[in-house]
1. Exactly one condition in (1) part of a strand (DSSP E or B); (2) out of contact with any Gly (no Cβ under 6 Å at 6 or more places or on another chain); (3) touching a residue at least 60 places away in the same chain (Cβ under 8 Å); (4) crowded, with 16+ Cβ neighbours inside 10 Å is not met by residue 378; state its number.
2. Looking at region 116-149, which of its residues are farther than 29 Å from residue 160 by Cβ and free of Cβ contacts under 8 Å to residues at least 60 places away in the same chain?
3. In region 169-185, what residues are over 17 Å from residue 127 (Cβ atoms) and modelled with pLDDT of 95 or more?
4. Could you tell me which of the residues 411, 483 is crowded, with 16+ Cβ neighbours inside 10 Å and either assigned by TED's automatic domain parsing to the domain that holds residue 341 or free of Cβ contacts under 8 Å to residues at least 40 places away in the same chain (or both)?
5. Kindly indicate whether residue 262 is in contact (Cβ under 8 Å) with a residue 24 or more places away in the chain and hydroxyl-bearing (Ser, Thr, Tyr).
6. Keeping to region 89-113, report how many residues are closer than 22 Å to residue 41 by Cβ, of a type in the set (A, V, I, L, M) and at pLDDT 95 or above.
7. If I filter region 136-148 for residues that are under 18 Å from the mean Cα position of the chain (by Cα) and surrounded by 20 or more Cβ atoms within 10 Å (Cβ to Cβ), do I get at least one hit?
8. Could you say which residue among 350, 363, 340 is crowded, with 16+ Cβ neighbours inside 10 Å and assigned to a loop (DSSP other than H, G, I, E, B)?
Amino acid sequence: MQASDLDVIGLNLLRRFDASLKGTGIAVAQPEAPNTYGGNDCQVNPSTVGQAQGLFTWISSSGATSTTFPNGIGSESAHADTVAGNFYGVPNGVATNVSHVYNYEANYFINLLIGPAPASIAARVVNQSFTFGATNSTVDQALDNYAFNHNAVIVSGAPGGPIYSPASCFNGVAVGIYNNPYTALGPTEDGRCKPDLVAPDDAQAPGGAVSYATAYVSGAAVLLLQAAARNDGGAGTAGVATNLTVLKALLLNGAVKPADWTNGPGRPMDARHGAGVLNVYNSWKQLKGGRQSRLQVTTNAPGAAHVPGTNIINEPSLTGWDYGSITNSGSGSAMKEVVNHYYFNLSASNAGPFTLTATMVWNRQAGQLRVNNLNLFLVNAANSNIVAVSTGAVDNVRHLFVPAVAAGRYDLQVQKTTNSLVSAVENYGLAFEFFTQPLGMATAGTNLIFSWPAYPAGFTLMGALDLAPPAGWSAVVPSPMVDTNTGLNLSTVPVGEGVRFFRLQRP
C-alpha cells in the first residue's frame, strides 16, 4: 500500500491516536478466484505478505485443506498476494494482527460452502476481490442469507462496468475505486445504490486496482470490529456494535465526499462513489461517540405526517451510533407506521453552520426477495419542516448529507412504513455526526499557526493571495502536524509567503 493511500483512508491518522488497532483477535476469510481456467492458483504465499505460515489455512476447490505452504492442493497467486498485502500484510496492511486467515478457492466458497447447504465459518470479515461478470440472484441470495444468519461482514469489489455479483448482494459492502476509470457505476440491475463506498489504489489497472482497494475496506471493517469488541464505544458496545449493520453504517458514514458527489431523496448515495471515500479514522471516532438510543417512539396512519413528538430531551452527543429496533403497531388494515426519534440540540454558541452525515443500514432477511421499507428524515423540531430526506423502494441503506444545518433543535427520524412489508419488526444500524470545523490562527514570530480539529478528517488548509475572481485557492504546504494531546491539526505558514486569505476545504 502506498503511503498516500494510508493517508487517504485515515489509517495513518488512526494509528497516531491508537496504534493498538491492528485486527487483534479477528479471523478473516479471503476467497480467491483462480487466475487460470480450471486451475487452483489462488493461494497467498505467507512469506510474500510478511506473515507466519501458521496464520493460514488453505482450502482448495474440492474442500481439501492444508496448513503448510507450498502444498499439493493449490498454488500461489500474485493477485491473492497483493490483496493480502493490503488487507493484513506486514508492514503496510490495514489489519496486520488478524488471528487467522482462511484462504478459500472462490468457487468452492461460493458454490459449496455458502451455497445450497451453508456451513458456519470462523471468519467474521470476508474479502471477495473478484466478480462474476453478471448478476446472479442465487449467489446474491446465498451471500445475504449467510451474512444475516452469521453476522458476517462480506466486502466485495465492484470493477468497471455495471454492478455485478457478488458486489450486488444486499447485505454486503460493495467497493469501487476512487479516482480511477475502472470503477463500477451503479445502480444495480434492480435499481439499488451500489457501490457502498470507494477506496484508493495507486495502480491504474482494469479490475486489479479495484481488488486492492476492496482489501482496504475489509481491513477497516476488521479494525472497527476489534474496536467494538473491546468496547471502544462504551460499556456494552461489544454486544451490539459488532452487528454487521452497525459496522457497515459506520464505514459508510465515516467516508469523505469527493467534490463531485451527489445524491437525491430517492437515491441515497452517489452512483460512482457510494457514500464517499473510506476513512477508518472518522468511522472509529463515530464508534467512540457511543451508542445513543431512540428517545421517543410515535405512530401514525400510513402516509400521514410524522411530526416531532413532545419529548424535550436531547441526545448527549452529536456523534455516535445505535443498533435499534422498530416495530409497526397493529395488524392488517389497522397497521400503523412507526417513527423512532433521535433529538439533537445544535448550539448557536458553536461556529456554524453544522454539517450532518447520517447513515442507516438494515438487512435483507434470510430467504426474502425484498426488504422492509425504512426511511430517514431530518426534521426541524421547532416548526416540523423536513430539512432532508432519504427514502426509496428497493435499497436497504439510507444516507443523509446536509453540509449546512443552522443552529437549532432537530429530530432525526427513522420511519418504518407499511409498504413492501416483510416483517413487523426490523433491526437497523445507525451512525451519525453533526459537526462544525472552526479554523483557529495564532502568530509565532514570523509564522502563522493555523489549527483545526483532527476529527472529522478530510480537510485541507487552502490559501489565496486575494479574493478577486477567480480566487486561485491552492493547498497550503507543508502538511499539518497532529497534536494527539489536543486532537488538533497544526499548520505553520511563514508570513513572508504572501498568502493573505485562508480557509478549510473538504475534500
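1. Residue 378 satisfies all of (1) part of a strand (DSSP E or B); (2) out of contact with any Gly (no Cβ under 6 Å at 6 or more places or on another chain); (3) touching a residue at least 60 places away in the same chain (Cβ under 8 Å); (4) crowded, with 16+ Cβ neighbours inside 10 Å except (3).
2. Matches in region 116-149: 116, 117, 118, 119, 120.
3. 170
4. Details: 483 fails: crowded, with 16+ Cβ neighbours inside 10 Å.
Being crowded, with 16+ Cβ neighbours inside 10 Å and either assigned by TED's automatic domain parsing to the domain that holds residue 341 or free of Cβ contacts under 8 Å to residues at least 40 places away in the same chain (or both) holds for just one of 411, 483, which is 411.
5. Numbers: in contact (Cβ under 8 Å) with a residue 24 or more places away in the chain: no; hydroxyl-bearing (Ser, Thr, Tyr): yes.
No.
6. Within region 89-113, residues that are closer than 22 Å to residue 41 by Cβ, of a type in the set (A, V, I, L, M) and at pLDDT 95 or above number 3.
7. The answer is yes, given that some residue of region 136-148 is under 18 Å from the mean Cα position of the chain (by Cα) and surrounded by 20 or more Cβ atoms within 10 Å (Cβ to Cβ).
8. On the way: 350 fails: crowded, with 16+ Cβ neighbours inside 10 Å; 340 fails: assigned to a loop (DSSP other than H, G, I, E, B).
Among 350, 363, 340, only 363 is crowded, with 16+ Cβ neighbours inside 10 Å and assigned to a loop (DSSP other than H, G, I, E, B).
The values are calculated or read from the model by the stated rules, or taken from the named source; none is laboratory data. Keep in mind that what you see is a predicted model, and the values were worked out from it rather than measured. Here the Cβ is made from the backbone with ideal geometry for all residues, glycine too, and neighbour counts use every protein chain on show.
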